[in-house]
Amino acid sequence: MEKIKAGYILPSAAYVLKRKQIHHFHNIDKPPEIGDVVYGVIERVGEHSSLENVSGRIHMIHNGTRSIFVYGNRYAPDYYEGLVPTSFTEEIDLLARSGLIGRVRTKNSLIKDPTQVRILGYVVDENLDVLNTRDFPKITPRTTEKIEPRSKMILVCGTSMNSGKSYAAAACCRALSVNGHAVKASKITGTASLKDILLMNDAGAYPFADFTYLGYPSTYMLEEHEILNIFNKHDLKFANNPRNYWVVEIADGILQRESSILLNSQQVQSRIHKLVFCANDAFGAIGGLKILIDQFNLKPNVISGVCSRSPLHIRELSEFTKIPIINSMDSNLAPLYELITST
């Protein structure tokens, strides 16, 4: 067992950990698990040239930069699909700038090869037990029963990653908060990154959280009961006051595995007050609307996202649907406010 010297980065994938918990690393030959914490060094900078720490600061990294890292899976069509390896290897791929590590399975051809990490050892406690982020949840609901009536949930989903969901969720938070409503915000699925929930916080949501607050560095390939548990823990923590609003974002597209689990769940569907659907373009929005109806029996109340910023996309989309299209980047939030608060 060796001491971890000061000067390392504590990344956002390890959000639930405090520096006082991180003292030693040990070279243990054990298969890694989701949430296992390791101490390592950047061996070669590739696609990711920075790390996001637990405060949201972005650190530039170099060959030799020391950091804590967390094993997890990643689903990102614009970047990598990566999985936790079945056996320990000294060299591993950096899957996201939040410090998530695993083995790249597929990658977008426009993306560089991943940054390489050399693992020095697992981070251990005084009993030589490996620290795992899932053992240190920060969200602890006071009750296990959902008392009715509950906060109104505004659910934001979309066709893919980078379709404009986070900006639409932030716009909902802003529209509600500037009109005097208390707003809580959650991101239920995805890969560890503070950017999205901090965007909602900047728009007036407080408190705010995502799955990392429950110790999950990502949600890709979690069991269905784990995905629903994340949703329900957030619901129990943030949505007990019927006078408040709860804005919820789910990552990636509606065909993605974890998004489908949530949208198919009666536990989730029964909580939807308003549904905001985001798309990159008009054609994607049209196809997404059909999937929402055919597979989930859901009809959005608002269409937004990247497509809503283009008058041409709006013109094309308006020929196929009467659902209101709202540009989440518009400074006039009145139309959005009316749509998401109407009964």
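Legend: ranking of residues Tyr79, Tyr15, Tyr245 from fewest to most surrounding C-beta atoms inside 10 Å; resulting order Tyr79, Tyr245, Tyr15.
In the chain, the DSSP-assigned H stretches of four residues or longer account for a calculated mean residue ellipticity at 222 nm of -6500 deg cm²/dmol, using -39500 (n - 2.57) per stretch and the full residue count as denominator. Checking (1) 49, 25, 21; (2) 36, 22, 17; (3) 34, 24, 21 against the coordinates, the calculated semi-axes √(5λ) of the Cα gyration tensor in Å falls under label (2). Take the cross-link list Lys112/Lys165; Lys152/Lys299; Lys18/Lys165; Lys18/Lys237 and give me the ones stretching past 27 Å between alpha-carbons. Violating the 27 Å Cα-Cα cut-off are Lys18/Lys165. The distance linking segment 30-103 with segment 150-212 is 25 Å (Cα centroid to Cα centroid, whole angstrom). When the chain is described by a simple charge dipole with +1 on each Lys and Arg Cβ and -1 on each Asp and Glu Cβ, the residue from Val117, Thr106, Leu51 located farthest towards its positive end is Leu51.
Projecting label points 7 angstrom from Cα along Cα→Cβ for Ser331 and Met1 puts them 5.8 nm apart.
According to the Kirkwood relation over distinct C-alpha pairs, the hydrodynamic radius of segment 2-133 is 14.5 Å.
Taking 0.36 nm per residue of separation and subtracting the Cα-Cα distance, full extension of the segment from Asp294 to Asn127 would add 54.8 nm.
For Asp210, the amide hydrogen comes within under 5 Å of the amide hydrogens of Lys187, counting only partners 5 or more places away or on other chains and with H modelled in the peptide plane. Residues in segment 145-156 carry Karplus couplings, in order, of 10, 7, 8, 8, x, 10, 4, 6, 9, 9, 9, 10 Hz; the curve used is 6.51 cos²θ - 1.76 cosθ + 1.60 with θ = phi - 60°, and Gly or Pro positions show x. Cβ crowding within 10 Å, taken as a proxy for footprinting-reagent exposure, orders Ile101, Ile293 from fewest neighbours to most as Ile293, Ile101. Could you check how many percent of all C-alpha pairs in segment 175-242 are farther apart than 20 Å? Summing the P(r) of segment 175-242 above 20 Å gives 30 percent of all pairs. Placing R0 at 56 angstrom, the Cβ-Cβ distance between Ser109 and Tyr206 gives a FRET efficiency of 0.90 after rounding to 0.05. Fewest neighbouring Cβ atoms within 10 Å first, the residues His62, His23, His273 line up as His62, His23, His273. Available extension along the chain between Lys146 and Arg44 is 31.9 nm, counting 0.36 nm per residue and deducting the alpha carbon span.
FYI, it's all coordinate maths here, none of it is from the lab. Note that the structure is a prediction, hence the values are computed from the model and not measured. Cβ coordinates were reconstructed from backbone atoms using ideal geometry, including for glycine residues, and neighbour counts include every protein chain displayed.
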